[in-house]
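Colleague: Before anything else, here's the structure in question.
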Amino acid sequence: MQGTWVLVPPPANTNIVGSKWIYKLKRHSDGSISRYKARLVAQGFSQEAGFDYEETFSPVVRHATVRIILSLAAYNHWSLRQLDVKNAFLHGDLEEEVYMKQPQGFEDPLHPDYVCKLQKSLYGLKQAPRAWNAKFTAIVVLLLYVDDIILTGSNPQVIQEVITELGSVFELKDMGTLTYFLGLQISYKSNGDIFVSQQKYATDLLAKSGMSSCKPCPTPLKPHTQILLTDGVPLKDPKQYRSIVGALQYLTFTRPDIAHSVNIVCQFMNNPTEHHFFLVKRILRYLQGTLSHGFTYSASGPLLLSAYSDSDWAGDINTRRSTTGFVVYLGSNPVSWQSKKQGSVSRSSTEAEYKALANASADVVWIRQLLVDLHVYLSEPPILYCDNLSALAL
């Protein structure tokens with residue numbers, strides 16, 4: 001028993017949160033069914049700020065951090081282990097008083113009017129992720145994405161000791177060697193290189209979009225594509241557009257080649273039209289021909305930090321803002337990238353390029369600090385590359 005709640009008479013003038021059962025199929029990376037899962041979820045949308053919850057946040061590791069760890073693991077030939085914490089949020093201790101209706105099908109026949117006073121956090125509560133994170137960070141530092149964990153290091157024996165210690169506190173499922181994590185398919189080559197892709201995720205996205213049999217195209221976007229916010233007839237139901245674009249955003253985890261085109265279609269989320277949807281379909285057609293694409297993390301070259309920065313000038317015909325693009329490498333491995341419209345109009349190409357350099361350098365500084373926390377020593381200072389002489393002179 002987790003001791004998640006105790007039954008009490010319903011207190012007066014108190015917000016009572018509802019609950020519901022969620023049923024889901026968990027699958028392996030090959031699509032086969034792993035297990036059938038039922039989860040009781042609190043209807044946290046009825047909670048009131050300052051009354052039955054205070055601060056909230058979701059404990060997820062940054063995508064760049066995952067890529068950095070994979071790069072370091074390949075460079076140092078570290079083993080990668082994966083853990084799954086069963087009923088993760090049920091381990092978090094609640095600081096506030098929260099009352100919930102008894103779950104459907106499990107009402108107490110002696111006290112059907114009683115409510116559950118929650119002792120532990122429950123999925124769906126607004127403060128549940130924060131409560132779980134506070135519980136976990138008091139034990140060890142590792143990569144944590146809600147209830148999925150990656151462990152790595154130079155000493156396999158110490159890693160096993162950490163797993164054993166965690167197992168004495170939480171109910172864990174040791175997944176063994178890291179092979180499938182958050183939609184990432186990870187394979188290992190005989191020379192120690194690590195290959196990462198999202199082939200299954202992309203294949204599922206094409207099926208969801210009804211484009212499993214579409215013809216591939218060579219690029220995700222035509223060169224110099226410019227489209228107005230008002231071009232085309234507005235979609236009657238924009239939900240599909242937003243759903244697909246949201247999935248494409250996650251696909252950029254391992255696909256920097258679509259980062260720019262996805263950034264463009266994201267700018268039409270508010271009121272997408274048929275013309276905007278054509279751009280999305282082109283990205284999907286490009287994916288059809290590149291499903292197996294990903295990148296390989298290897299130990300080739302010295303462990304140095306370098307970044308490449310670029311920008312157009314006033315390329316957005318809707319706002320005349322410029323677009324920043326950069327990619328950061330750790331050794332020969334890309335670990336962070338971005339394609340993003342700048343926050344203000346640049347009055348020259350020099351200004352636009354300088355802003356891009358500033359964004360790239362901020363990302364490099366953050367990565368340097370992360371490497372310091374991981375006790376990784378860089379023998380040389382980072383190098384930023386830019387192709388604009390005026391920005392370099394400035």
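Colleague: Considering only protein heavy atoms, what per residue accessible area in square angstrom results for region 333-394 with a 1.4 angstrom probe?
Modeller: With all protein chains present, region 333-394 gives 59 Å² per residue.
Colleague: Place a point 7 Å from the Cα of Ser34 along the Cα-to-Cβ direction; which residues of region 169-205 have their backbone N under 14 Å from it?
Modeller: 172-186, 201
Colleague: If I ignore ligands, DNA and RNA and count only protein heavy atoms, how much of Ile22 is accessible to a 1.4 Å probe, in Å² to the nearest 10?
Modeller: 70 Å²
Colleague: Calculate the FRET efficiency for Asn76 and Ala12 from the Cβ-Cβ distance with a Förster distance of 56 Å, rounded to the nearest 0.05.
Modeller: 0.40
Colleague: For Rg/Rh (Cα atoms, Kirkwood Rh), which listed value, (1) 1.00; (2) 1.11; (3) 1.03, comes from the coordinates shown?
Modeller: Of the labelled values, this structure produces (1).
Colleague: Please report the carbon-and-sulfur percent of the accessible area for region 215-278; probe 1.4 Å, protein heavy atoms only, DNA, RNA and ligands left out.
Modeller: Reported share for carbon and sulfur atoms: 59 percent.
Colleague: Taking region 250-356, which trypsin sites (Lys or Arg not before Pro) meet the DSSP loop condition and have no more than 12 other C-beta atoms within 10 Å?
Modeller: Working: sites: Lys281, Arg282, Arg285, Arg320, Arg321, Lys340, Lys341, Arg347, Lys355; in loops: Arg320, Arg321, Arg347.
Passing both the DSSP loop test and the Cβ count: Arg320, Arg347.
Colleague: List the trypsin sites (Lys or Arg not before Pro) within region 168-277 that fall in a DSSP loop (any state other than H, G, I, E or B) and whose Cβ has at most 14 other Cβ atoms within 10 Å.
Modeller: Hits after loop and neighbour filter: Lys189, Lys236.
Colleague: Hey, can you grab everything whose amide H is under 5 Å from the amide H of Leu143? Only 5+ residues off in sequence or another chain; H modelled, so Pro and N-termini drop out.
Modeller: For Leu143, whose amide H was placed from the backbone, the distant partners under 5 Å are Ile150.
Colleague: Another question, if that's okay. What is the sum of charges, Lys and Arg at +1 and Asp and Glu at -1, for the other residues whose Cβ falls under 14 Å from the Cβ of Leu305?
Modeller: 0
Colleague: Which is farthest toward the positive dipole end of region 250-394 among Gln288, Val328, Pro381, measuring Cα position about the Cα centre, with Cβ charges +1 (Lys, Arg) and -1 (Asp, Glu)?
Modeller: The listed residue farthest towards the positive side: Gln288.
Colleague: Pop out the ³J(HN,Hα) list for region 305-317 in order, Karplus 6.51 cos²θ - 1.76 cosθ + 1.60 with θ = phi - 60°, rounded to Hz; leave Gly and Pro as x.
Modeller: Each residue of region 305-317 in turn: 10, 9, 9, 10, 10, 7, 7, 8, 9, 6, x, 7, 6 Hz.
Colleague: So how do Thr324, Thr252, Thr219, Thr164 rank on accessible area, 1.4 Å probe, biggest first, that is with the largest at the start?
Modeller: Largest accessible area first, the list is Thr164, Thr219, Thr252, Thr324.
Colleague: Which Cα, out of Gly315, Gly343, Val85, lies furthest along the positive dipole direction of the chain (beta carbon charges, K/R +1, D/E -1)?
Modeller: Checked the options; the winner is Gly315.
Colleague: Once ligands and nucleic acids are excluded and a 1.4 Å probe is used, how much of Ile227 is accessible, expressed in Å² to the nearest 10?
Modeller: My reading of the accessible area for Ile227 is about 20 Å².
Colleague: Please arrange Met269, Met175, Met211, Met100 by accessible surface area, largest first, computed with a 1.4 Å probe and ligands excluded.
Modeller: Of Met269, Met175, Met211, Met100, the descending order of accessible area is Met175, Met269, Met211, Met100.
Colleague: In deg cm²/dmol, rounded to 500, what helix-only [θ] at 222 nm does the chain give when every DSSP H run of at least 4 residues adds -39500 (n - 2.57) and the total is split over its residues?
Modeller: So the helix-based figure for the chain works out to -9000 deg cm²/dmol.
Colleague: Now for a separate question. Using the beta-carbon distance between Lys340 and Lys26 and R0 = 45 Å, what value does 1/(1 + (r/R0)^6) give for FRET efficiency, to the nearest 0.05?
Modeller: The computed FRET efficiency comes out at 0.85.
Colleague: Taking the Cβ of Ile244 as the centre, find all other residues whose Cβ is under 15 Å away and add up their charges (Lys, Arg: +1; Asp, Glu: -1). Intermediate values should be presented prior to the final figure.
Modeller: Numbers: positive: Lys208, Lys239, Arg242, Arg255, Lys281, Arg282, Arg285; negative: Asp204, Asp237, Glu274.
Overall, the nearby charge balance is +4.
Colleague: Report the extension gain between Tyr188 and Glu96 in nm, rounded to one decimal, defined as 0.36 nm multiplied by the number of residues separating them, less their alpha carbon distance. Each step should come with its number before you reach the end.
Modeller: Values: separation 92, 0.36 × 92 = 33.12 nm, distance 4.58 nm.
Extra length available between Tyr188 and Glu96 comes to 28.5 nm.
Colleague: Set the Förster distance to 41 Å, then compute FRET efficiency between Thr230 and Asp204 from the Cβ-Cβ distance, nearest 0.05.
Modeller: Between Thr230 and Asp204 the formula returns 0.80.
Colleague: Report the extension gain between Arg368 and Leu392 in nm, rounded to one decimal, defined as 0.36 nm multiplied by the number of residues separating them, less their alpha carbon distance.
Modeller: Stretched out fully, the Arg368 to Leu392 stretch lengthens by 6.5 nm.
Colleague: What is the local net charge at Lys37, summed over the other residues whose Cβ is closer than 9 Å to its Cβ (Lys, Arg +1; Asp, Glu -1)?
Modeller: Taking every Cβ under 9 Å from that of Lys37, the sum is +4.
Colleague: Which value, in debye to the nearest 20, describes the size of the charge dipole of the chain about its Cα centre when Lys and Arg Cβ atoms bear +1, Asp and Glu Cβ atoms bear -1, and nothing else is charged? Don't jump to the answer; show the numbers that get you there.
Modeller: Values: 37 positive and 34 negative charges, 273 e Å.
Value, rounded to 20: 1320 debye.
The values are calculated or read from the model by the stated rules, or taken from the named source; none is laboratory data. These numbers come from a predicted model, not from an experiment. Glycine also receives a Cβ, built like all others from the backbone with ideal geometry; neighbour counts cover every protein chain displayed. We work out accessible area using only protein heavy atoms, side chains counted, and drop any ligands, DNA or RNA first. Shrake-Rupley method; radii C 1.70, N 1.55, O 1.52, S 1.80 Å.
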